[in-house]
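Here is the structure we will look at, set down as structure tokens.
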Amino acid sequence: MEKFERQANEEALARRAKKKPSPKQNKITLVPVYCKGCGLCVDICPTGTLQLEDHIEGKFGVVVKIDAPEYCIGCKMCEQRCPDFALFVNYDEEEEKVKNG
Amino acid sequence: MGKREVLQGNIIAAKAAIAAGCNFYAGYPITPSSEVAQYMSRELPKLGYDFIQMEDEIASLGACIGASLAGKKSLTATSGPGFSLMQEHLGMAVMGEIPVVIINVMRGGPSTGLPTKPSQADMMQARWGTHGDHPIIAVYPAFSEEIYSETIRAFNLSERFWTPVIILMDEVIGKAHEDIEIPDLKEISIYSESDHVVEDLNIYDREIGENPPRVDFFKGYAIHIDGLEHDKHGWPTTEPDVVQKMQTLRMQKIYNNLDEIIKYKEFYMDDAEIMIFSFGVSARSSLAAVQMAREQGIKVGLFQALTIWPFPKRELKERFKRIKKILTVEMNMGQMKYEVERVASDDIDTRALLRANGIPFTPQEVLKAIKEF
Amino acid sequence: MRDYERYIRYRTFPTPWCPGCGDGIILKAIAMAFAELELDPNEIIVVSGIGCSGRMPTYFNTNTLHTTHGRALTFATGIKLARPEKTVVVISGDGDALAIGGNHLIHAARRNIGIKMILINNGIYGMTGGQVSPLTPQSFITETTPYGNIEPKFLASELLIAAKASFVARETIMRLLPLKQVIKKSFQHSGFSVVEVISNCHINLGRRNKMKDPITMNKWIASRSVSKAEFEKLPPEERNHKYPVGILWEEKDRLEYSELYYKHIVPSAKEAAKKSEGKHE
């Protein structure tokens, strides 16, 4: 049986091609066990920062991949769009340790 | 010393409910139980308590369960068709282990049946009306003082065992006006429990035979109550071991404590050779018949069940050791007689005096059946 | 920590809904509304019936109650009358609110009992596998309308306005911040309030009707929402394909049911009690 080859989201890559990396560093926190790989965040991100990838911890085996973190402009559209509380932008450093622990 | 009054059975039940601490009534009118709702609509607001007439019986029991979870003692009253509608929520109360009291003033059935005539045809429905495996407590008074005391007992049992309790009545005892001595409030004992403390939200965690440490809403615990099968936190689960354990815990909560639940009265049973098993309006006719029979030298006694469910199996088996003739008297096509037959061994002669035409048995009719035995 | 995470019961996560389901967005919007109003989680109760929407209370870190199909409003009525000072939220879906629960819906509205209802309209019975609902658009294919739905759908918000609900609003899951805003306003309303949320079930409705992924279905939902003013200007034949969003009806002066009960019924009863006491003993 052939291995399933995940196709990259071309529209997101096209959006990224039109942008430059962000001057300010923005941190995206992912909670893989909550992520269902629905792709809504990948679709909404204006700079094409996000893609999807296989991940053993994801509920359905596919989660968000922060493909180009330097392009994140910190708009938080992905965090708003996420139905599963799996994505946070510029989350507090302290709390992040608790979440991932 | 209490007060002597002439009161209708439905009103006696309502008064007793308030004495037991009932402070919430949601109901829908239905003959022959509407007087309970009407009395509650006048009296509960006087005490600052809640009364609401809902849009149907399903809504009534739903509101009662909601109020119970919010810390109130709730009551609703209905008859056959309404009781059928309430079955789903009865199951919810069993599943969530929620105290609530439901009065069913039985009338002729099935369906619309005989709204203004009595029957005793919802006995099995009280036990098995709702789907799924579930224990239930049902009590059935016959005399006016018993309507009062059994209503208080029903509230106490529902609080003690975190379970819905059904008070069965019939159109005769509900509608008849009789004199009764209302006990002084000081003479009534109301069951109350000190507040539970729940650790880590384990609201259903307990040993077999015990009650859960369940708390009501708004007590400082963000608890979850569910109609789905749940684990010790109340959160939904389908884990086979957990499910089986919860089923067993709910069953044994009742069946391990029968001493506190079973209640009955015996008349002329010491040397009886024939036993009448009866309840409600039929028990009243049977008692008069037994008294007449004794005057004629017939050795007959009456076992009046006050707790109908769980069925007084152990108590009957005891009496079957020396009494070999049992007559079940009930106003239906045969319901409790099957329980008696189930419990009786082969050497017992079990018979039944049955009728489902809306006319209660007269003592003479019961006496005739005794003589034919 | 985000302020709204305080209202989320992470111990029960992840949620059971399909990837991309709007229910998660609604969960977030309600939690955000709780947070902005700085409500105490112990003073809130979230009640639901059966369906995908019915699973929502499990994920709130407040008092929560999961009841029978269509009857959440009845339990909530008992709770609100018993504890009028608490915030009582009911979350229902298509069937729970408008099929089996339709009767309870119009009575709760008529009574103006202070329940805050979130009516999730996804046009399908999702939990049971995709059968037609009273909110399924006409001609759509579902598991029980394989040849197309011949029944017109209810206009839920408009029906509630006719049933005398004192606060009615509609939003969609594509507009998270307006949704949060309108939910917050509905919580601040003292009488019966309903927020109808147009949501996506791409797995059960969308997939059978050419919208099998959440992104396509969400675009369809977004394309149909217009402001109330714009909707008024539309000619009748176009109104079938659009719906107005925002606060559609608001009555600020009506007394809530339990207020009316405690301000009118209880004092009248106590008066009557005093008078009759004078007569008897």
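Which of the residues belonging to region B:110-154 are aliphatic (A, V, I, L, M), touching a Pro at 6+ places or on another chain (Cβ under 8 Å) and assigned to a helix (DSSP H, G or I)?
B:ILE147
Quick test of your reading of the structure: A:PRO32 fulfils all but one of (1) touching a residue at least 40 places away in the same chain (Cβ under 8 Å); (2) in a loop (DSSP other than H, G, I, E, B); (3) more than 12 Å from chain C (Cβ to nearest Cβ); (4) within 11 Å of the chain's Cα centre (by Cα). Name the failing condition by number.
(3)
Would you please name the residue that is farthest from the chain's Cα centre (by Cα), looking only at residues in region B:337-359 that are within 27 Å of B:LYS117 (Cβ to Cβ) and among the basic types (Lys, Arg)?
In this case the residue turns out to be B:ARG351.
With (1) within 22 Å of C:LYS80 (Cα to Cα); (2) of a type outside the set (Val, Ile, Thr); (3) in contact (Cβ under 8 Å) with a residue 60 or more places away in the chain as the list, and C:LYS180 as the residue in question, which single condition is left unmet?
Answer for C:LYS180: the failing condition is (1).
Any idea which residue in region B:43-69 is nearest to B:ASN156 (Cα to Cα), counting only those that are more than 7 Å from chain C (Cβ to nearest Cβ) and assigned to a helix (DSSP H, G or I)?
Across region B:43-69, the extreme among qualifying residues is B:SER68.
Of everything in region A:66-94, what is touching a Cys at 6+ places or on another chain (Cβ under 7 Å) and either in a loop (DSSP other than H, G, I, E, B) or of a type in the set (S, T, N, Q) (or both)? Give them in sequence order.
A:CYS82, A:PRO83, A:ASP84, A:ALA86
Say we look at region B:15-42 and pick out the residues that are within 8 Å of chain C (Cβ to nearest Cβ) and not small (Gly, Ala, Ser); which of these is surrounded by the most Cβ atoms within 10 Å (Cβ to Cβ)?
So the residue we want is B:PHE24.
Looking at A:VAL63, is it within 11 Å of another protein chain (Cβ to nearest Cβ) and in a helix (DSSP H, G or I)?
Spelling it out, it is not the case that A:VAL63 is within 11 Å of another protein chain (Cβ to nearest Cβ) and in a helix (DSSP H, G or I).
Condition check: within 14 Å of chain B (Cβ to nearest Cβ) and within 26 Å of C:LYS164 (Cα to Cα). Does C:SER258 satisfy that?
Against the criterion (within 14 Å of chain B (Cβ to nearest Cβ) and within 26 Å of C:LYS164 (Cα to Cα)), C:SER258 qualifies.
Determine if region C:266-278 includes at least one residue that is closer than 29 Å to C:TYR125 by Cβ, assigned to a helix (DSSP H, G or I) and modelled with pLDDT of 95 or more.
No, region C:266-278 contains no residue that is closer than 29 Å to C:TYR125 by Cβ, assigned to a helix (DSSP H, G or I) and modelled with pLDDT of 95 or more.
Residue-wise test of (1) within 27 Å of C:GLY130 (Cβ to Cβ); (2) at the interface with chain B (Cβ under 8 Å from one of its Cβ atoms); (3) surrounded by fewer than 24 Cβ atoms within 10 Å (Cβ to Cβ); (4) in contact with a strand residue (DSSP E or B) (Cβ under 7 Å, 6 or more places away or on another chain).
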{"position": "C:PHE34", "(1), (2), (3), (4)": "no, no, no, yes"}
{"position": "C:ASP40", "(1), (2), (3), (4)": "no, no, yes, no"}
{"position": "C:GLU43", "(1), (2), (3), (4)": "no, yes, yes, yes"}
{"position": "C:VAL46", "(1), (2), (3), (4)": "yes, no, no, yes"}
{"position": "C:GLY54", "(1), (2), (3), (4)": "yes, no, no, yes"}
{"position": "C:TYR59", "(1), (2), (3), (4)": "yes, no, no, yes"}
{"position": "C:THR64", "(1), (2), (3), (4)": "yes, yes, no, yes"}
{"position": "C:THR67", "(1), (2), (3), (4)": "yes, yes, no, yes"}
{"position": "C:GLY70", "(1), (2), (3), (4)": "yes, no, no, no"}
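Could you figure out which of (1) surrounded by 14 or more Cβ atoms within 10 Å (Cβ to Cβ); (2) more than 14 Å from chain B (Cβ to nearest Cβ) isn't true of C:LYS212?
Answer for C:LYS212: the failing condition is (1).
Restricting the search to region B:342-356, which residues are of a type in the set (A, V, I, L, M) and within 22 Å of B:LYS371 (Cα to Cα)?
The answer is B:ALA344, B:ILE348, B:ALA352, B:LEU353, B:LEU354, B:ALA356.
Any idea which of (1) modelled with pLDDT of 95 or more; (2) under 23 Å from C:ILE183 (Cα atoms) is the one C:TYR261 doesn't satisfy?
The single condition C:TYR261 does not satisfy is (2).
Would you check which residues across region B:184-205 are out of contact with any helix residue (DSSP H, G or I) (no Cβ under 7 Å at 6 or more places or on another chain) and either among the aliphatic types (A, V, I, L, M) or over 17 Å from B:PRO99 (Cα atoms) (or both) and list them?
B:ASP184, B:LYS186, B:GLU187, B:SER189, B:VAL197, B:VAL198, B:GLU199, B:ASP200, B:LEU201, B:ASN202, B:ILE203, B:ASP205
I'd like to check something: does region C:73-90 contain any residue that is more than 8 Å from every other protein chain (Cβ to nearest Cβ) and part of a loop (DSSP other than H, G, I, E, B)?
Among the residues of region C:73-90, at least one is more than 8 Å from every other protein chain (Cβ to nearest Cβ) and part of a loop (DSSP other than H, G, I, E, B), which makes the answer yes.
Restricting attention to region C:15-30, report how many residues are assigned to a helix (DSSP H, G or I), touching a residue at least 12 places away in the same chain (Cβ under 8 Å) and facing another protein chain (nearest Cβ under 9 Å).
Counting residues in region C:15-30 that are assigned to a helix (DSSP H, G or I), touching a residue at least 12 places away in the same chain (Cβ under 8 Å) and facing another protein chain (nearest Cβ under 9 Å) gives 5.
Please determine whether any residue of region B:290-302 is within 29 Å of the chain's Cα centre (by Cα), under 24 Å from B:ALA154 (Cα atoms), in contact (Cβ under 8 Å) with a residue 24 or more places away in the chain and surrounded by 15 or more Cβ atoms within 10 Å (Cβ to Cβ).
Yes, because at least one residue in region B:290-302 is within 29 Å of the chain's Cα centre (by Cα), under 24 Å from B:ALA154 (Cα atoms), in contact (Cβ under 8 Å) with a residue 24 or more places away in the chain and surrounded by 15 or more Cβ atoms within 10 Å (Cβ to Cβ).
How about region C:147-234: which helices (runs of 4 or more DSSP H) wholly inside it have at least 3 residues that are closer than 27 Å to C:LEU37 by Cα?
By residue number, C:156-162, C:176-188.
Scan region C:4-14 and tell me whether some residue there is more than 19 Å from the chain's Cα centre (by Cα), facing chain A (nearest Cβ under 9 Å), assigned to a helix (DSSP H, G or I) and charged (D, E, K, R).
Yes: region C:4-14 contains one or more residues that are more than 19 Å from the chain's Cα centre (by Cα), facing chain A (nearest Cβ under 9 Å), assigned to a helix (DSSP H, G or I) and charged (D, E, K, R).
Being part of a helix (DSSP H, G or I), under 21 Å from B:ARG153 (Cβ atoms) and away from chain C (no Cβ under 13 Å) is the filter here, so list the residues in region B:70-105 that pass it. Give the derivation first.
At the first step, the residues of region B:70-105 found to be part of a helix (DSSP H, G or I) are B:80-85, B:87-96.
When the remaining residues are screened for being under 21 Å from B:ARG153 (Cβ atoms), the result is B:83, B:90, B:93-94.
Listed by number, the list holds a single entry, B:PHE83.
Answer with yes or no whether A:VAL42 is within 10 Å of chain C (Cβ to nearest Cβ), part of a loop (DSSP other than H, G, I, E, B) and of a type in the set (A, V, I, L, M).
Criteria not met by A:VAL42.
Out of B:ILE225, B:ILE167, B:ILE190, I need the residue that is β-branched (Val, Ile, Thr), touching a Ser or Thr at 6+ places or on another chain (Cβ under 9 Å) and over 30 Å from B:GLY109 (Cβ atoms). Which one?
The unique qualifying residue is B:ILE225.
Here's the yes/no breakdown for (1) in the same structural domain as B:ILE98 (by TED's automatic domain parsing); (2) surrounded by fewer than 17 Cβ atoms within 10 Å (Cβ to Cβ); (3) among the acidic types (Asp, Glu); (4) in a loop (DSSP other than H, G, I, E, B):
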{"position": "B:GLU193", "(1), (2), (3), (4)": "no, yes, yes, yes"}
{"position": "B:ASN202", "(1), (2), (3), (4)": "no, yes, no, yes"}
{"position": "B:PRO212", "(1), (2), (3), (4)": "no, no, no, yes"}
{"position": "B:LYS232", "(1), (2), (3), (4)": "no, no, no, yes"}
{"position": "B:MET246", "(1), (2), (3), (4)": "no, no, no, no"}
{"position": "B:ILE254", "(1), (2), (3), (4)": "no, no, no, no"}
{"position": "B:ASP271", "(1), (2), (3), (4)": "no, yes, yes, yes"}
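Give the number of residues within region C:234-248 that are touching a strand residue (DSSP E or B) at 6+ places or on another chain (Cβ under 9 Å) and modelled with pLDDT under 95.
Result for region C:234-248: 3.
Just wondering, is there one or more residues in region B:219-228 that are within 27 Å of the chain's Cα centre (by Cα) and either away from chain C (no Cβ under 11 Å) or of a type in the set (Val, Ile, Thr) (or both)? I'd like the intermediate steps shown before the answer.
Initial filter on region B:219-228 (within 27 Å of the chain's Cα centre (by Cα)): B:225-228.
Still in the running and either away from chain C (no Cβ under 11 Å) or of a type in the set (Val, Ile, Thr) (or both): B:225.
Checked against the condition, which is being within 27 Å of the chain's Cα centre (by Cα) and either away from chain C (no Cβ under 11 Å) or of a type in the set (Val, Ile, Thr) (or both), region B:219-228 yields at least one hit.
The values are calculated or read from the model by the stated rules, or taken from the named source; none is laboratory data. None of these values were measured; they are calculated from a predicted model. Note: ideal-geometry Cβ built from the backbone for every residue, glycine included; neighbour counts use all protein chains shown.
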